[in-house]
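The values are calculated or read from the model by the stated rules, or taken from the named source; none is laboratory data. These numbers were taken from a predicted model, which means no experiment stands behind them. Here the Cβ is made from the backbone with ideal geometry for all residues, glycine too, and neighbour counts use every protein chain on show. Each accessible area value is taken on the protein alone, full model and side chains, heavy atoms only, with ligands, DNA and RNA left out. Shrake-Rupley method; radii C 1.70, N 1.55, O 1.52, S 1.80 Å.
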Amino acid sequence: MNLQIGIVGLPNVGKSTLFNALLKKQVALAANYPFATIEPNVGVVEVPDSRLPKLAEVTKTSEKLPNLPPLKYALVEFVDIAGLVAGASKGEGLGNKFLANIRETDAICHVLRHFSDPNVLREGSVDPEQDLTIIRTELQLADLETLQKQHQPKGAVSKDEKDKWETIQDFLAKIEQGQSLVCQSEVEKLVAKELCLLTAKPEIFAINVDEKELVKTQELTELFAKKLQVKKEQIVIISAKIESELAVLAAEDQELYMQELGIKESGLSRLAAVAYQTLGLQSFLTTGEIESKAWTIRKGSTAQEAAGVIHTDFSKKFISAKIINFKEFVELGGWSACKEIGKIRQEGRDYVMQDGDVVEFMIGK
């Protein structure tokens, strides 16, 4: 769906190291995806999904086409946003470039320093809480300028125009009080999108820690959720240094290294999963002898919209969708077995897709 997360941070917090790890991981996966079309400042990461191997086992997904991978995971794109320093909203550093780039992203990943390497100068970074305050202040100042430039509609105005102006005034009051924007109504979402407001974007927080602290992931997650006053689900404890080392290893060597470190999965995998949830995305699944694949859709998407993700013509020529829950599909043993006992549902174009639906679309000519 080409939705992107902007990686933001002060100098020397590990942002570049983390992004380089993303790029190395991308290179390792290059045989699987057409990365030639991806810009150099975009890193692509697979979203972990334990369901795909199980689907492949049930449907005997093979390597009939050896040049294509039998398992295709959903992907998340991360964009390297450079140039943030105090004063960015006034053009300090690469402020204008920073603001322009971040406006184009769908969410923000704050990289916050909590590692103790004395060889890496802080250059403005103090601690995660103060660093986040600096970043958010610059975003708020930029939004304040944007909102102050808006003009009240004059004369006979429609209800929509009136609602928009009231929303702008409400946003302005919140920004002046140092608050981030939480968009709940459709009008709020529309205004935030039209004005590209930075503080209205969803946030995730990558806390860059020392290698020895990775075993305390749960404890640190709870600690920083309280310190930063955010939800635990928004936080990923990560060691950018370790991720850069893991990214160049073969899969088996990665497993061994993570066992040595006492961690179950890489930080990049956890970051991708958190980003996927933060963007309000979910996956539906397709499976057969050639491949098993996770397709990305927004939560609340209809069957017709989901069909269009596979191919635009599928949306136009949609007839119906054969759907079964993933768990039932695996337990019963695949399409044929599910069909025999009547477990496959026939759904129309307005059916709201559920995460993990296994689907076969019926498409007209």
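If the condition is being of a type in the set (Ser, Thr, Tyr) and buried (at least 16 other Cβ atoms within 10 Å of the Cβ), then segment 153-189 contributes Thr167, Ser180. Considering segment 203-321, the qualifying helices (runs of 4 or more DSSP H), each wholly inside and each with 3 or more residues that are open to solvent by 80 Å² or more (accessible area, probe 1.4 Å), run over 217-228, 251-261. Could we say that Ser180 is of a type in the set (S, T, N, Q) and closer than 19 Å to Ile108 by Cβ here? So Ser180 passes the test.
Selection over segment 190-237 of residues that are among the aliphatic types (A, V, I, L, M), out of contact with any Ser or Thr (no Cβ under 9 Å at 6 or more places or on another chain), touching a residue at least 40 places away in the same chain (Cβ under 8 Å) and within 22 Å of Leu281 (Cβ to Cβ) gives a count of 1.
Filtered by the rule that a residue be under 24 Å from Thr61 (Cβ atoms) and aromatic (Phe, Trp, Tyr), segment 283-325 gives Phe284, Trp295, Phe314.
Screening Leu181 against (1) in a loop (DSSP other than H, G, I, E, B); (2) out of contact with any helix residue (DSSP H, G or I) (no Cβ under 9 Å at 6 or more places or on another chain) leaves a single unmet condition, (2).
Beta carbons closer than 6 Å, at least 6 apart along the sequence or on distinct chains, never pair a first residue in segment 301-327 that is without any contact (Cβ under 8 Å) to a residue 40 or more places away in the chain with a second that is in a helix (DSSP H, G or I) and open to solvent by 70 Å² or more (accessible area, probe 1.4 Å).
Among the candidates Lys343, Lys365, the residue that is more than 20 Å from Glu291 (Cβ to Cβ), out of contact with any Leu (no Cβ under 7 Å at 6 or more places or on another chain), open to solvent by 70 Å² or more (accessible area, probe 1.4 Å) and part of a loop (DSSP other than H, G, I, E, B) is uniquely Lys365.
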